[in-house]
Structure formats: structure tokens, C-alpha cells
Amino acid sequence: MRAHDVVGISLVAGLVVFLIGAGAWRLAYEQPMAEALRVIHADRRRRAWIHLWMLPAVFVTSAGVVGLATLPDDRTAVAVGVMAAVVYALGALCWIVSLAFRLTVVPWAAQRTVEEGQPPAVFPPLDRWAGSLYVVHMASAYAAFAVVGWAVLLAGQLPAWSGWLGVLGGLGFLAGFAATRFAGPFNPPFWAHAYTGALGVILLLA
């Protein structure tokens, strides 16, 4: 099996694994905090299913981004790809911590809300902290996509449009994410696996 195929499978698998979990997401989880926590308590198994798929997806995609950096023959492209992998992986680490929070602290807060009628006083600041980790993850993913696209252009092994897709898409989504105050259409976490998943398909077809 070619190295391109191994990396391509990893990148596609990261997106697919993420979507298996994310497909069970409910908009009811995005209500005001007290209402959302009551729904989360009722849906605790469903929520665990969602996040227990998202967690390995982060590892699989991160491994694929590292593998992608090793493919070019051009040393400059390798260096740029490694830098992109570091940026993506550091953001992914923040998301892993945030996912652990969602799997542990959030169910606890949901149970307390059902029992006491309101969220624990300590929960809102903790939730904001976990949310800030998510913001770092998404911003770093978009920035990494731009750098990955640059590496693709330098390597010259894939179609030039696939490199420009990363450069322009990454920068555009990063700007949109910041302009919408880290919400709106640029906020869903599947975007952090979208460009890499597309590159995986291109690698497998190349």
C-alpha cells in the first residue's frame, strides 16, 4: 500500500468517524444553559455516544495531518507541512480537553440541575473555559488548513486547486469565525475535519 493511501485513509476516516457521532446531535442542546442541561441529562447516553466518536476522530485526523507532512519530496514543503501539523495538533489537544469536560463535568452539572432546579454556581465559568478551548481548536484548525494548502502548493504532487482550497478556505473560514464572534456557520466542529477529509479523497484518487 502506498504512503499516499495510508494518509488518505486516515484523513477520510477522521471525517467519517466524526460524522458518525455528530449525526446524533440535537439542536435542543444549544438552548439556554438550564434548559439545555435538563435535555442533556435525559439524553446522557446519546450525548456520550456523540462525544465518544468525536474523540477518536480528533486523533485519527491529527495523525493524518502529520502523515501528510511526510509525503512531499520537497524539503520546504515538508517543513511547512510539519508546521501545519503542529498547529493543528495543539488545537486538537484543546478540543480533547474540552471533550473530556463534556463527558464528565457536563453530565454532573446536568444531574445537579435536575435535582436542584438550577445549574451549580461553579458550572458557568467552567463552561466558558471549556468553550474557549473549543474556540482555540477551531481557529487553529482553520489556520492549519491554510498552511497545509501552502504545503500542497509547494509540493506540487496534488492539483493546485486543492492547495488553494486550503489557503483561501482556511483563511476565509478563520476570518468568518472571528467576525461572527466564534459562532454562526463557521462554528460547527465538522469543519475542522472537512478540508483534511477532502484531501484524503484526493490522495486516494491520485
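The values are calculated or read from the model by the stated rules, or taken from the named source; none is laboratory data. Please read all numbers here as calculations on a predicted model, not as lab measurements. Note that each Cβ is placed from the backbone with ideal geometry, even for glycine, and that neighbours are counted across all protein chains shown. Areas reflect the complete protein model, heavy atoms only, side chains present, ligands, DNA and RNA absent. Shrake-Rupley method; radii C 1.70, N 1.55, O 1.52, S 1.80 Å.
Brief remarks on what is shown
- Filtered trypsin sites (Lys or Arg not before Pro), the range 1-65: DSSP coil and at most 11 other beta carbons within 10 Å: Arg2
- The tail of the calculated P(r) for the range 97-206 beyond 17 Å holds 61 percent of all Cα-Cα pairs.
- Quarter the surface of the alpha carbon convex hull of the range 73-154 and you get the mean projected area, 5.7 square nanometres.
- With DNA, RNA and ligands ignored, accessible area of Tyr134 (1.4 Å probe; Å², nearest 10): 20 Å²
- Angle between the chain longest axis and helix 123-155 axis [Cα atoms, degrees, rounded to 10]: 10 degrees
- log10 of Debye I(q)/I(0), alpha-carbon scatterers only, for the chain at 0.13 Å⁻¹: -0.71
- Cα centroid separation - the range 151-201 against the range 92-122, whole Å: 30 Å
- Per-residue accessible area (protein heavy atoms, 1.4 Å probe) orders Asp73, Asp127, Asp5 as Asp73, Asp127, Asp5, starting from the largest.
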